[in-house]
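So the structure is just underneath, and the comments pick up after that.
The values are calculated or read from the model by the stated rules, or taken from the named source; none is laboratory data. None of these values were measured; they are calculated from a predicted model. Cβ sites come from the backbone with ideal geometry, for glycine too, and all protein chains shown count toward neighbours. Accessible surface is based on the protein model in full, side chains and every heavy atom, while ligands, DNA and RNA are left aside. Shrake-Rupley method; radii C 1.70, N 1.55, O 1.52, S 1.80 Å.
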Amino acid sequence: MGSGGQDRGDAVRFRWGRWLLLAIAAVGCVISGLSCYLENIPGGVDTAVYRAGAETLLHGRSLYDSDILPFTPEYARLPFTYSPFAALVFVPLVAIPEQLGWALLNVGSVLAVVLVAYVVLRRSPRRPSWLQPGWGAVLLGLALLGLQPVWTTLGYGQINAVLMALIVLDLLVVCGATGRGRHAGGVLVGLAAATKLTPLIFVVHLALIGRRVDAARAAATFLVSQGLMLLLIPHDTVRFWTHTVFDSSRIGPTALVWNQSLGAVVRRLTGDASWSQYAGYGIGAVLAVGAVVLVRRYHRQGRPVHALLVTGYLALLVSPVSWVHHWVWAVPLVVLLVIEAASGDRAARWLLPVTLVVFVLRPMHVPVSALNPLTFVLSNTYVLFPVLLGLFLLVRGKRGHTPPGEPHLERQPVSPALTAAR
């Protein structure tokens with residue numbers, strides 16, 4: 001065999017090594033779920049609630065008339081807080097036991113994290129040539145499973161990482177596609193929002209960056225999904241939109257430090273005053289002004305990942321409930337900072353370790369009686385970090401900072417499936 005054939009063989013083996021690592025991670029998830037099932041050990045509390053919601057839907061019972069669904073196992077006695085459409089999405093879970101559903105959802109979450117890393121690497125304008133999307137995405141993605149939001153998502157069997165991947169794919173791949181792909185922009189955002197309402201903010205994001213047709217398509221997808229559920233389960237759909245969506249008591253004690261949102265910070269400071277959430281919305285409205293400035297600035301500069309992250313973090317801040325496991329948006333941020341640091345950005349080089357420290361740890365529970373400036377910071381780290389970072393970026397841009405190096409945007413393949421397979 002000539003040297004050319006040997007090089008091609010080495011390249012194939014090198015490429016298969018990436019898939020082998022992913023397969024090992026996926027098998028680990030399956031083995032964990034299978035062990036829990038065989039030994040009858042509870043696993044994936046939130047997956048069990050998802051499954052109970054789907055089973056309730058299939059049996060024609062109400063999702064919202066009672067706090068605990070009739071098909072919820074003893075170890076997951078929590079209410080179903082998602083939209084009616086989410087119950088439809090979770091129907092496949094009914095076919096398998098809770099623990100196995102937890103395992104398969106975690107496989108999807110692992111792949112979603114790696115896919116997000118891949119897309120960010122592909123779409124970042126300043127990625128150095130040695131940081132290739134293939135191996136870079138696999139190694140970074142698997143390493144970032146150790147971030148507290150991601151690890152907690154896997155432990156609970158949450159769907160956060162999967163929804164994040166849908167949004168990242170839509171805004172960074174599908175919305176930039178040509179040919180037939182251009183007619184699908186916004187659909188994934190609409191489906192993500194139909195499952196969990198917070199992604200609705202990305203409809204506004206699409207409009208802000210001039211993708212008005214995609215924004216309209218996302219809104220239409222969301223409305224069609226709700227209309228479908230109105231036809232299938234009118235009572236539950238009406239109840240959700242007229243009562244359940246406003247009932248934060250179903251979600252749990254929203255003043256807990258586990259809830260890292262602006263409203264929760266105010267709740268903790270005021271002893272859960274009745275007006276706390278409104279104050280949180282007011283602060284969020286002020287921050288939204290700066291967020292709009294940053295999104296439009298980054299869009300003009302051809303930095304779509306930066307713009308996307310601004311909107312993602314604003315959504316976490318203004319949402320009434322942003323549990324620690326909702327903060328999986330730390331994944332694309334860390335990947336972006338790795339790229340920026342490797343490209344010579346001095347700010348990214350100190351921001352990267354700070355970001356890792358913030359999101360590897362979880363916010364500290366501090367009684368109100370023990371609050372001081374230090375304990376306030378430690379108990380609200382997830383909230384304070386993006387606020388301070390956003391202020392830094394606004395000031396940095398105002399001073400006319402120009403990142404080193406010329407951007408080199410990469411065109412995306414038409415098909416997201418082809419992109420993910422490369």
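Using a Gaussian network model of the chain in which every pair of alpha carbons under 10 angstrom is joined by a spring, one finds that among W329, W275, W130 the greatest mean-square fluctuation is at W130.
Take the Cβ atoms of V357 and F392, set R0 to 22 Å, and the FRET efficiency comes out at 0.85.
Structure remark: mean-square fluctuation, Gaussian network model of the chain, C-alpha springs under 10 Å; the largest value among V292, V354, V116 belongs to V354. Shape of region 82-219 from the C-alpha gyration tensor: oblate (a/c of 1.5 or more and a/b not above b/c, with a ≥ b ≥ c the square roots of its eigenvalues).
Counting helices only, and only those DSSP H runs with n ≥ 4, report the 222 nm mean residue ellipticity of the chain as the sum of -39,500 (n - 2.57) divided by its residues, in deg cm²/dmol to the nearest 500.
Numbers: 19 runs with 270 residues, N = 422.
Helix contribution divided over all residues of the chain: -20500 deg cm²/dmol.
The residues of region 72-184 expose, per residue, 34 Å² of accessible area to a 1.4 Å probe.
Counting only protein heavy atoms, what percent of the accessible surface of region 322-372 is carbon or sulfur at a 1.4 Å probe?
On the way: 1450 of 2150 Å².
Result for region 322-372: 67 percent of the exposed heavy-atom area is carbon or sulfur.
I'd like the FRET efficiency for V238 and S274, computed as 1/(1 + (r/R0)^6) with the beta carbon distance as r and R0 of 41 Å, rounded to 0.05. Given R0 = 41 Å and the Cβ-Cβ separation, E is 0.95. Phi-derived couplings, Karplus 6.51 cos²θ - 1.76 cosθ + 1.60 at θ = phi - 60°, listed residue by residue for region 272-287: 6, 4, 5, 9, 4, 5, 5, 5, x, 4, x, 5, x, 5, 5, 5 Hz, with x used for Gly and Pro. Rounded to the nearest 20, the size of the Cβ-charge dipole of the chain about its Cα centre is 1600 debye, with Lys and Arg at +1 and Asp and Glu at -1. A 1.4 Å probe run over the protein chains yields, for region 194-243, 50 Å² of accessible area per residue, whole-number rounding. In the full protein context, region 322-374 carries 45 Å² of accessible surface per residue, based on a 1.4 Å probe and ignoring ligands, DNA and RNA. When peptides 336-349, 301-314 are ranked by their average number of other Cβ atoms within 10 Å per residue, the highest-first order is 301-314, 336-349. Mind checking the log10 I(q)/I(0) for region 190-247 at q = 0.22 Å⁻¹? Debye, one equal scatterer per Cα, no solvent, two decimals. With no solvent term, the Cα-only Debye profile gives -0.84.
Top mean-square fluctuation among L131, L69, L154, Gaussian network model of the chain, C-alpha springs under 10 Å? Among L131, L69, L154, the largest mean-square fluctuation in the Gaussian network model of the chain belongs to L131.
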